[in-house]
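See below for the structure under consideration.
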Amino acid sequence: MQVRFTLEYDGEKYSGWQLQSGQDSVQARIEAALAQVLGEKIRVYGAGRTDAGVHARGQVASAKLPRAFETAELKRALNALLPPDIAVLDAAEAPVDFDPRRAARSRLYEYRVLNRPCRSAFEYRYAWLVPKALDLGAMNAAAGQFIGEHDFAGFRTLGSDEKTTVRRIHASEWRADGALLTYRVEATAFLRHMVRTMVAVMVEVGRGKLAPGQVSELLLSSDRALAAAPAPACGLFLLAVRY
């Protein structure tokens with residue numbers, strides 16, 4: 001029986017989604033909970049490998065169970081066993097060949113920036129504090145430069161083993177709600193640290209250190225050394241995976 005899970009988690013305490021030797025990961029926690037329920041080791045596959053400190057509101061994962069299981073009961077049992085910062089939002093039977101990563105048409109991420117002089121006692125875990133006033137119009141002009149198909153070699157972590165660094169961006173936009181600035185970007189797929197590097201570059205535009213048009217120059221250069229260091233992980237959320 002193949003099961004599809006929709007999950008949310010606070011990534012602050014974890015080394016990321018993926019299993020890593022000697023480290024605590026979201027995948028490891030879910031596999032451990034499944035093993036308790038089913039009495040044997042179960043491998044779980046995720047739609048996206050969120051990095052250490054990155055959060056998710058709509059991660060999708062799948063697992064092949066050794067026997068039929070009522071999905072509502074499975075959801076209840078897993079939520080009883082998982083720590084409070086990981087939650088199963090939905091569990092449903094899926095086709096036997098369902099692969100949450102390869103079947104995905106696009107992924108939607110959100111990045112949050114708190115643009116005010118002082119920190120927040122509540123948002124410090126879920127937003128990047130940028131004290132200096134930012135020009136949202138300039139940042140949106142820069143965001144528009146990412147839409148379409150581009151080579152993002154200059155916006156990835158060096159040493160990544162991706163076969164191609166070309167990605168297609170469907171949507172890229174900033175919005176403001178008071179001091180909270182929210183960036184949403186949807187693409188076929190993302191490279192490691194790609195969204196956080198895009199955000200860091202756009203914040204440089206908002207600070208007046210770069211012109212919006214220089215984003216296109218950075219894309220064309222494919223030189224990682226020219227783009228800003230990635231924005232902090234705490235502001236990034238995987239919102240949804242579309243199929």
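Taking the helices alone, the chain has a mean residue ellipticity at 222 nm of -7000 deg cm²/dmol, built from -39,500 (n - 2.57) per DSSP H run of at least 4 residues and averaged over all its residues. Selection among GLY46, GLN36, GLY11 by position relative to the dipole of the stretch 1-73 gives GLY46 as farthest towards the positive end (Cβ unit charges, Cα centre).
Only Lys, Arg, Asp and Glu carry charge here, each on its Cβ (+1 for the first two, -1 for the last two); on that basis the stretch 1-154 has a dipole of about 120 debye about its Cα centre. Applying the criteria of a DSSP loop state and at most 14 other Cβ atoms within 10 Å to the trypsin sites (Lys or Arg not before Pro) of the stretch 1-34 yields LYS13. Over the stretch 97-234, the ratio between the Cα radius of gyration and 2.2 N^0.38 Å evaluates to 1.05. Using θ = phi - 60° in the Karplus curve 6.51 cos²θ - 1.76 cosθ + 1.60, the 3J(HN,Hα) couplings for the stretch 43-60 round to 8, 10, 10, x, 7, x, 8, 4, 7, 4, x, 8, 9, 9, 10, x, 5, 10 Hz; x is entered for Gly and Pro.
Remark: the stretch 225-238, residue by residue, has Karplus-estimated 3J(HN,Hα) of 5, 8, 8, 5, 5, x, 5, x, 5, 4, x, 9, 10, 7 Hz, where x stands for each Gly or Pro and the curve is 6.51 cos²θ - 1.76 cosθ + 1.60 at θ = phi - 60°. Near the amide H of ALA171, within less than 5 Å, lie the amide hydrogens of GLU186, all on another chain or at least 5 residues away, with H placed in the peptide plane. Of the residues LEU226, ALA127, PRO95, the one whose Cα sits farthest towards the positive end of the charge dipole of the chain is LEU226 (charges of +1 on Lys and Arg Cβ, -1 on Asp and Glu Cβ, taken about the Cα centre).
How would you rank 201-207, 36-42, 72-78, highest first, on the average number of other Cβ atoms within 10 Å across their residues? Could you put the intermediate results ahead of the total?
Details: 201-207: 23.6, 36-42: 12.7, 72-78: 16.4.
Ranking, from highest mean packing down: 201-207, 72-78, 36-42.
Rounded to the nearest whole Hz, the Karplus-based 3J(HN,Hα) values (6.51 cos²θ - 1.76 cosθ + 1.60, θ = phi - 60°) of the stretch 208-213 follow the sequence x, 7, 10, 8, x, x, with x at glycine and proline.
Roughly speaking, what is the centre-to-centre gap between the stretch 71-90 and the stretch 1-56 when only Cα atoms are used, to the nearest Å? When both Cα centres are located, 12 Å separates them.
Pop out the carbon and sulfur fraction of the accessible area of the chain as a percent, whole number, probe 1.4 Å. List each step's numbers first, then the result.
Details: 5760 of 11760 Å².
Whole-percent figure for carbon plus sulfur exposure: 49.
Remark: the stretch 108-202 carries 48 Å² of accessible area per residue (probe radius 1.4 Å; ligands, DNA and RNA excluded).
Distances between placed amide hydrogens fall under 5 Å for VAL166 paired with PHE152, all partners being 5 or more residues away or on another chain.
Counting lysine pairs in the chain whose alpha carbons fall under 24 angstrom apart, excluding pairs fewer than 8 residues apart on the same chain, gives 6.
Compute, for the stretch 114-163, the length of the dipole vector about the Cα centre, with Cβ point charges of +1 (Lys, Arg) and -1 (Asp, Glu) only. Units Debye, rounded to 20. Intermediate results must be reported in sequence, preceding the final value.
Numbers: 6 positive and 6 negative charges, 77 e Å.
Dipole about the Cα centre, nearest 20: 380 debye.
Taking the Cα centre of the stretch 85-243 as origin and assigning +1 to Lys and Arg Cβ atoms and -1 to Asp and Glu Cβ atoms, the resulting dipole is close to 360 debye. As a calculated quantity, the FRET efficiency between LEU220 and GLN36 at R0 = 45 Å, using C-beta atoms, amounts to about 0.30.
Tell me whether the chain comes out rounded, prolate or oblate; compute the Cα gyration tensor, take square roots of the eigenvalues as a ≥ b ≥ c, and use a/c under 1.5 as the rounded threshold. Prolate is the answer for the chain, as a/c is 1.5 or above and a/b outweighs b/c.
The values are calculated or read from the model by the stated rules, or taken from the named source; none is laboratory data. Please read these numbers as outputs of a predicted model, since none were measured by experiment. Glycine gets a Cβ as well: all are built from the backbone with ideal geometry, and neighbour counts include every protein chain shown. Accessible surface is based on the protein model in full, side chains and every heavy atom, while ligands, DNA and RNA are left aside. Shrake-Rupley method; radii C 1.70, N 1.55, O 1.52, S 1.80 Å.
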